[in-house]
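Written below as structure tokens is the structure these notes are about.
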Amino acid sequence: MISFFYWLFLQLIAGAFVWFYMKHEGKNYLEYVVFLIVFSQLVMPILYAVKNYKKRKNVKKELDEVAKNYLQEKENLAALKKSEAENLKREYLPQVEILLEKVMPIWAKHIESSQQQTENAITALTMRFQGMVHILDKALHASEDAVSIVQGRTERESKDVYQQSKQAFKEELKHLKQEQKVIKKMIQQFRGLGMTVAELRDMALDIEKVAEKTRLLALNASIEAARSGEAGKGFAVVAEGVSNLSELSANTSKNMSEKILAISDDMNEALDTAELAAKQNYASSRSSKNMLRENLIRLRQMMTALNDLESILNNESRQIKSEINDVIVFFQFSDRVSQILNHVHDNMKEFYFHLMRIEEFESSKEILDFKRWIDNMMKTYTTEEQRIVHFEEDEKKKDTKASEVTFFD
Amino acid sequence: MKQKILIVDDDSTIRSLVNITLVGAGYDVVEADDAFTALSYLKKTKFNLIIMDVNMPNMDGITCSAKIKNEADYVENKDVPIVMLTVEGDDEMKARGKQAGAKAWIIKPFMPDILISVVQKMLK
């Protein structure tokens, strides 16, 4: 800006000088303008260049001086930095070593703990899956066995049961028909017996009549004997009549004996028939009972097989549910391991930044306070495992809080 | 109609396991992988229960719970019970959770039966 005003000032001076010179020489305005342009474009830049050359020379001299001072300062600073770095190394690096000695084993243990948790969880998961496969296999076999039992019995044995039941009913019907025949025969026999008894009754009446006539004849004979002692001929007639009556009585008695024998035979036969019917009835009912019992035993076996299957399936289902619950718990290891490893990662990153700051002569005192650094690291712990590992507590305490629930009122 | 539960956890395994457990128990489950996603859901949808992790990137579960309880954007879900599901078992953290409006605190790993019983109790 100064150079521009200087140039303008020179332009004005030169213009005034040329104007006086041209007026003195008696030149016209056109010659004045041409001369002024030539003068300003040729002479003025020369004058300006001369002026700038001097100024540049001064500026260069000043810059050389500044550069010289800068280099001197830089050398001084480098020397100071080197000295301070040496002091830092000598003074602080042992502290860093102490920090590393404290921190590195904790990081290693955290990583080891994560690795251990991962291995344990994977092993447990593998075992649970094997257990589940085994249980499912068992359940499948039990189911297949039971189904084959039930199906076999329902398809084969239930046919048998049906056929046998049908046969049993046929047999029973046959027995019933036989029994009916026997009973019919018994009825007929008893009817015959009734007729025989009626005949016996008639015969008894005949005997009674004969007895009456015999009594009257005997009475007449006694009357006649009393009336005429010499009538021997009359006694002969009476005797003949009594003889005829005796013959009639003998025949009747014979007939009666025969009829009684017939009755006895009929009755014996009826008794035999009744006994046979009773025996057949007994055999039939025993056979039906046995068949029914066998069928009931088979049905009970089928029911038992079904109940056993239900029991096995229920038991296996409970076991599988329990195994799945365990699997869900073990799968959650990933969250805990992830959090532990994230913290180790963050701590290492933080430590790296501290080391970087040491190199830049910053925060050197901060990193030297390794107790505070470890305390801060500890504050970021979220899992029980991290605290246990850090304080080297009893590992058995590890899962005591798992699934613990707190309700806030 | 099934009751709707929002599970907020940055760990996909945990979200899946909670989902399996609660869907099996007859609930409708929606998953959010961080607090901001959860808040965007809570602006639009009414839930019956929220299950929230504590340690999450960008915004922790306690801050998210406090926002749900206090900010007008989530007024529809202001009274929805919040259950914290976390590896944290520290009493101080629990106190912070309670102050933020949580109703229950479950320490991971959770057992499915216990989670279901807590959910049932909260939804009574």
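Worth pointing out:
A quick yes/no check of all residues on (1) away from chain B (no Cβ under 11 Å); (2) open to solvent by 40 Å² or more (accessible area, probe 1.4 Å); (3) under 29 Å from B:ASP60 (Cα atoms); (4) at pLDDT 80 or above:
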{"position": "A:SER311", "(1), (2), (3), (4)": "yes, yes, no, yes"}
{"position": "A:ILE324", "(1), (2), (3), (4)": "no, yes, no, yes"}
{"position": "A:PHE351", "(1), (2), (3), (4)": "yes, no, yes, no"}
{"position": "A:ILE358", "(1), (2), (3), (4)": "yes, no, no, no"}
{"position": "A:SER364", "(1), (2), (3), (4)": "yes, no, no, no"}
{"position": "A:MET378", "(1), (2), (3), (4)": "yes, yes, yes, yes"}
{"position": "A:GLU393", "(1), (2), (3), (4)": "yes, yes, yes, no"}
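- Some residue of the stretch B:91-110 being more than 23 Å from A:GLU384 (Cα to Cα) and among the β-branched types (Val, Ile, Thr): no
- Matching residues, the stretch A:74-106, being under 30 Å from A:HIS343 (Cα atoms) and open to solvent by 100 Å² or more (accessible area, probe 1.4 Å): A:LYS89, A:GLU91, A:GLU97, A:GLU101, A:LYS102
- All conditions in (1) facing chain A (nearest Cβ under 10 Å); (2) in contact with a Lys or Arg (Cβ under 9 Å, 6 or more places away or on another chain) hold for B:PRO57, with the sole exception of (2).
- Options A:ALA305, A:ALA262; residue that is more than 51 Å from the chain's Cα centre (by Cα), open to solvent by less than 60 Å² (accessible area, probe 1.4 Å) and touching a residue at least 60 places away in the same chain (Cβ under 8 Å): A:ALA262
- A single entry from A:LEU140, A:LEU71, A:LEU42 fulfils the requirement of being surrounded by fewer than 12 Cβ atoms within 10 Å (Cβ to Cβ), at pLDDT 80 or above and not acidic (Asp, Glu): A:LEU71.
- Selection within the stretch B:81-124: residues that are β-branched (Val, Ile, Thr) and within 7 Å of chain A (Cβ to nearest Cβ). The member of this set that is farthest from A:VAL405 (Cα to Cα) is B:VAL87.
- Among the residues of the stretch A:45-68, those identified as open to solvent by less than 90 Å² (accessible area, probe 1.4 Å) and within 30 Å of A:ALA14 (Cβ to Cβ) are A:PRO45, A:LEU47, A:TYR48, A:ALA49, A:VAL50, A:LYS51, A:ASN52, A:VAL59.
- Test: residue in the stretch B:106-124 that is among the small types (Gly, Ala, Ser) and in contact (Cβ under 8 Å) with a residue 12 or more places away in the chain: no
- Residue within the stretch B:2-18 that is β-branched (Val, Ile, Thr), open to solvent by 10 Å² or more (accessible area, probe 1.4 Å) and in a helix (DSSP H, G or I) present: yes
- Of residues in the stretch A:265-290 being acidic (Asp, Glu) and surrounded by 14 or more Cβ atoms within 10 Å (Cβ to Cβ), the one modelled with the highest pLDDT: A:GLU269
The values are calculated or read from the model by the stated rules, or taken from the named source; none is laboratory data. A quick note: this is a predicted structure, and the numbers were derived from the prediction, not measured. Here the Cβ is made from the backbone with ideal geometry for all residues, glycine too, and neighbour counts use every protein chain on show. Only protein heavy atoms, including side chains, enter the accessible area calculation; ligands, DNA and RNA are left aside. Shrake-Rupley method; radii C 1.70, N 1.55, O 1.52, S 1.80 Å.
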